[in-house]
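The values are calculated or read from the model by the stated rules, or taken from the named source; none is laboratory data. Given the structure is predicted, the values throughout are model-derived calculations rather than measurements. Backbone-built Cβ (ideal geometry, glycine too); neighbour counts: all protein chains shown.
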Protein chains: 2
Amino acid sequence: MQLNCILFIMNTYKTILNNTGLKATKSRLGILEILKKQQKPLDVTEIAHQLAAKKISPDHVTIYRILEAFQKRKIVQRVELGEGKFRYELARNDHHHLICKKCGTIQDTPSCPVGKMKKMILQKQHFLVERHALEFFGLCKQCQSL
Amino acid sequence: MQLNCILFIMNTYKTILNNTGLKATKSRLGILEILKKQQKPLDVTEIAHQLAAKKISPDHVTIYRILEAFQKRKIVQRVELGEGKFRYELARNDHHHLICKKCGTIQDTPSCPVGKMKKMILQKQHFLVERHALEFFGLCKQCQSL
DNA sequence: TTAGGTGCAAAAGTTTTGCAAACTA
DNA sequence: TAGTTTGCAAAACTTTTGCACCTAA
């Protein structure tokens with residue numbers, strides 16, 4: 001990555017942070033960069049490792065606190081993929097995950113049929129859906145032929 | 001609950017257990033009864049409490065092991081509802097949960113639009129979906145008017 | 001300067017593991 | 001009796017909390 005690109009990103013993220021009332025610290029910028037680059041949600045340990053590769057080594061507690069602050073401001077969202085721990089990704093619109101039970105790869109899927117369902121739930125069960133979690137578990141392309 | 005009913009249930013569950021190669025112990029039968037009666041998935045602490053009410057007090061470790069054995073045999077299924085812990089319910093066909101963010105009630109919803117989506121995912125992304133998790137978070141009927 | 005952020009130590013909560021004793025079939 | 005199942009002790013792992021020190025704005 002070139003210097004001007006780094007600076008561009010840092011300015012962007014700095015702006016995001018300042019606009020939401022957060023100070024732009026190394027750890028926070030680092031976490032945003034890492035999550036941005038990532039195509040799959042990361043857990044705290046993975047985030048810590050990737051930060052370390054950037055020569056940033058905050059305490060795990062700090063990472064948790066940063067992620068909590070980001071979550072509160074809808075910058076990131078927390079997901080559970082059946083592992084007994086949380087993963088984090090930059091907040092995006094409806095998209096869901098395809099988790100391979102063999103190799104563990106996590107890929108995205110953009111389509112979401114749930115919109116219609118929300119209306120039905122409101123009509124029939126009078127429950128007002130605000131958000132939903134939808135995850136798929138199965139076999140990715142490669143693993144189907146192994 | 002009447003005596004003959006209790007016996008009926010115990011026989012039924014005993015049969016289930018024996019048929020899957022599990023011995024019918026008090027804790028196992030108790031857990032099955034509790035999950036059967038329940039309309040929502042329970043976590044281990046809740047199961048322990050409800051067992052205690054039945055004068056059955058196994059160690060938490062035992063409950064975890066029983067639930068693991070049940071899961072392996074598809075008698076129960078484990079779900080995550082964004083709490084950082086697992087909940088367990090008797091295995092059933094596609095149905096999903098409506099979790100109220102205010103009062104915490106958990107109700108079922110029977111409809112599931114995901115079947116169609118699975119086909120699309122296979123066609124477009126070559127991922128073979130085996131199972132999926134779909135949970136809804138929002139406001140139940142009562143809490144909408146508070 | 002100061003409100004906000006971080007590190008350290010400790011703890012809380014959930015889940016797992018190993019081994020010896022107890023129990024079901 | 002034999003193979004399962006359970007209890008106890010301990011630990012692994014994830015996440016949270018409190019307080020003193022530090023830092024970005």
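Here's a check for you: in region B:87-118, which residue that is within 15 Å of A:H96 (Cβ to Cβ) and out of contact with any helix residue (DSSP H, G or I) (no Cβ under 7 Å at 6 or more places or on another chain) is surrounded by the most Cβ atoms within 10 Å (Cβ to Cβ)?
Narrowing region B:87-118 to residues within 15 Å of A:H96 (Cβ to Cβ): B:96, B:112-118.
Add one more test, that the residue is out of contact with any helix residue (DSSP H, G or I) (no Cβ under 7 Å at 6 or more places or on another chain), and what stays is B:96, B:112, B:114-118.
Values: B:H96: 24, B:C112: 17, B:V114: 21, B:G115: 11, B:K116: 11, B:M117: 20, B:K118: 17.
Ranking the qualifying residues of region B:87-118, first place goes to B:H96.
I'd like to verify a number: residues in region B:20-35 that are of a type outside the set (K, R) and within 11 Å of DNA strand C (Cβ to nearest atom), how many? Full working, then the answer.
Looking only at region B:20-35, we keep the residues that are of a type outside the set (K, R), and these are B:20-22, B:24-25, B:27, B:29-35.
Cutting the leftovers down to within 11 Å of DNA strand C (Cβ to nearest atom) gives us B:21-22, B:24-25, B:27, B:29.
Selection size over region B:20-35: 6.
Restricting to region A:90-146, what's the tally of residues that are hydrophobic (A, V, I, L, M, F, W, C) and free of Cβ contacts under 8 Å to residues at least 40 places away in the same chain?
Step one: filter region A:90-146 for residues hydrophobic (A, V, I, L, M, F, W, C), giving A:90-91, A:98-100, A:103, A:106, A:112, A:114, A:117, A:120-122, A:127-129, A:133-134, A:136-137, A:139-140, A:143, A:146.
Remaining after also requiring free of Cβ contacts under 8 Å to residues at least 40 places away in the same chain: A:91, A:99, A:112, A:114, A:117, A:120-122, A:127-129, A:134, A:139.
Residues meeting the conditions: 13.
Using the structure shown, decide if B:I47 is in contact with a helix residue (DSSP H, G or I) (Cβ under 7 Å, 6 or more places away or on another chain), within 13 Å of DNA strand D (Cβ to nearest atom) and β-branched (V, I, T). Spell out how you get there, then give the answer.
Numbers: in contact with a helix residue (DSSP H, G or I) (Cβ under 7 Å, 6 or more places away or on another chain): yes; within 13 Å of DNA strand D (Cβ to nearest atom): yes; β-branched (V, I, T): yes.
Here the answer is yes, as B:I47 does meet what is asked.
Take the conditions of a type in the set (F, W, Y) and within 11 Å of DNA strand D (Cβ to nearest atom) and apply them to B:F86. Does it pass?
Details: of a type in the set (F, W, Y): yes; within 11 Å of DNA strand D (Cβ to nearest atom): no.
It is false that B:F86 is of a type in the set (F, W, Y) and within 11 Å of DNA strand D (Cβ to nearest atom).
Can you work out which of the residues in region A:36-82 that are in contact with a Gly (Cβ under 7 Å, 6 or more places away or on another chain), free of Cβ contacts under 8 Å to residues at least 40 places away in the same chain and not in a helix (DSSP H, G or I) is farthest from DNA strand C (Cβ to nearest atom)?
Of region A:36-82, the ones in contact with a Gly (Cβ under 7 Å, 6 or more places away or on another chain) are A:51, A:54, A:56, A:80.
Subset that is free of Cβ contacts under 8 Å to residues at least 40 places away in the same chain: A:51, A:54, A:56.
Subset that is not in a helix (DSSP H, G or I): A:54, A:56.
Working: A:K54: 13, A:I56: 8 Å.
Among them, the one singled out is A:K54.
If a residue counts only when it is more than 8 Å from chain B (Cβ to nearest Cβ) and at pLDDT 80 or above, which strands (runs of 3 or more DSSP E) contained entirely in region A:84-146 have at least 3 such residues? Spell out how you get there, then give the answer.
Values: elements: A:86-90, A:96-100, A:106-109, A:128-139.
The strands (runs of 3 or more DSSP E) meeting that bar are A:86-90, A:96-100.
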